[in-house]
1. Among the residues of segment 218-242 satisfying the criterion of being out of contact with any strand residue (DSSP E or B) (no Cβ under 6 Å at 6 or more places or on another chain) and either assigned to a strand (DSSP E or B) or surrounded by 11 or more Cβ atoms within 10 Å (Cβ to Cβ) (or both), which is modelled with the lowest pLDDT?
2. Here is a check on your reading of the model: is Leu247 surrounded by 15 or more Cβ atoms within 10 Å (Cβ to Cβ), outside the structural domain of Cys170 (by TED's automatic domain parsing) and touching a strand residue (DSSP E or B) at 6+ places or on another chain (Cβ under 9 Å)?
3. For segment 112-121, which residues satisfy the criterion of being under 18 Å from Phe85 (Cβ atoms) and not charged (D, E, K, R)?
4. Being within 30 Å of Phe115 (Cα to Cα), of a type outside the set (S, T, N, Q) and assigned to a strand (DSSP E or B) narrows it down to one residue among Ala132, Ala151, Ala165; which is it?
5. Can you tell me which of Thr68, Thr82 is at pLDDT 90 or above and either outside any strand (DSSP E or B) or under 12 Å from Ala132 (Cα atoms) (or both)?
6. Got a sec? Which of Asn208, Asn214 is surrounded by 12 or more Cβ atoms within 10 Å (Cβ to Cβ) and modelled with pLDDT of 90 or more?
7. Can you name the residue in segment 14-65 that is of a type in the set (D, E, K, R), touching a Gly at 6+ places or on another chain (Cβ under 9 Å) and assigned to a loop (DSSP other than H, G, I, E, B) and is also surrounded by the most Cβ atoms within 10 Å (Cβ to Cβ) among such residues?
Amino acid sequence: MKTLFLVIGLLFSLNVLAQCSNAPYGQYPVDAYTPLMDDSWEIITSFAFSGEYTVINVIENEHYQFLTFRFANGSNRYLTITDEFDTPIVWGPSSNAYADTIGWTATFTGTIKFFTHTNAGCGTNTQQCVRAVRGIAPPLVLPVEIVSYTATNFNTYNSIEWVTASETNCDYFEVEQSADGEIWQKIGFIDGSGTTSDMTEYEVVHRNFDPVINYYRLTQYDYDGNSEIFSVLSVNNIKDIKHVKTLNQLGQEISENTKGLVFEIYDDGTIVKKYK
């Protein structure tokens, strides 16, 4: 029992020593450092001492990696990350091998301290060291994941339908209509589902439309005011008339398969401005 107690006590002592926050050389640089969060390594300083720390600004839920090593030969150093009150968060040996890093996902927004020492015994000296940080950009979260989006004629009305597989911070949807693809008017408004991973179906009905090619576009708005416009759909509501010819903007007859802005002429005198 006595031997076991001594071993446990020794391990406990080593664990305490491994969390190094002694800094006889103080803070360097004097200003707090803010990572760019662009997935690249950023050298905070190449003139760090062992027994010194750097203050870093962090944001909750974002991931950071840290490394430190001797500038002259890349030899190992020891790092400790603490909160602003010197409470240890993560710690361990580090080298100039960028795969050999200490990582942490921030549990708060604020500042941390990045300490450098010569070893787990919290050794100090004035040999120049590198302190570097890498901010890992969070994965892109789509505000709305649309799995189906259609515009269909049902005789007396056009139905604009869409289905979302998930929504994040979604306030509302707006549907607009245009007869030429340039001038738009709002025809429908539907509240979004906020944040959900459930499949959700939506529909806006357009009645009393003109007998032309009707264009529709869907816009989604977040609670923070950001918006996303989805692709333009069209429904052919032209009456059963015969297409005579197709003209360009100069009035010249062109192939009906020509892409871009065209004017379709029908046998009843109807002219349809269309963008293919």
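1. The qualifying residue modelled with the lowest pLDDT is Ile238.
2. The answer is yes for Leu247.
3. Residues satisfying the conditions are Ile112, Phe114, Phe115.
4. The match here is Ala132.
5. On inspection, the qualifying residue turns out to be Thr68.
6. Within the list Asn208, Asn214, the selection yields Asn214.
7. Out of the qualifying residues, it is Glu62.
Residues are listed down the side, and each one gets a yes or a no for (1) farther than 17 Å from Glu145 by Cα; (2) assigned to a strand (DSSP E or B):
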| position | (1), (2) |
| --- | --- |
| Thr195 | no, yes |
| Tyr202 | no, yes |
| His206 | yes, yes |
| Glu264 | yes, yes |
| Gly269 | yes, no |
| Lys274 | yes, yes |
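The values are calculated or read from the model by the stated rules, or taken from the named source; none is laboratory data. Keep in mind the model is a prediction, meaning the values are calculated, not measured. Because the Cβ atoms are built from the backbone with ideal geometry, glycine has one as well, and the counts that use them run over all protein chains shown.
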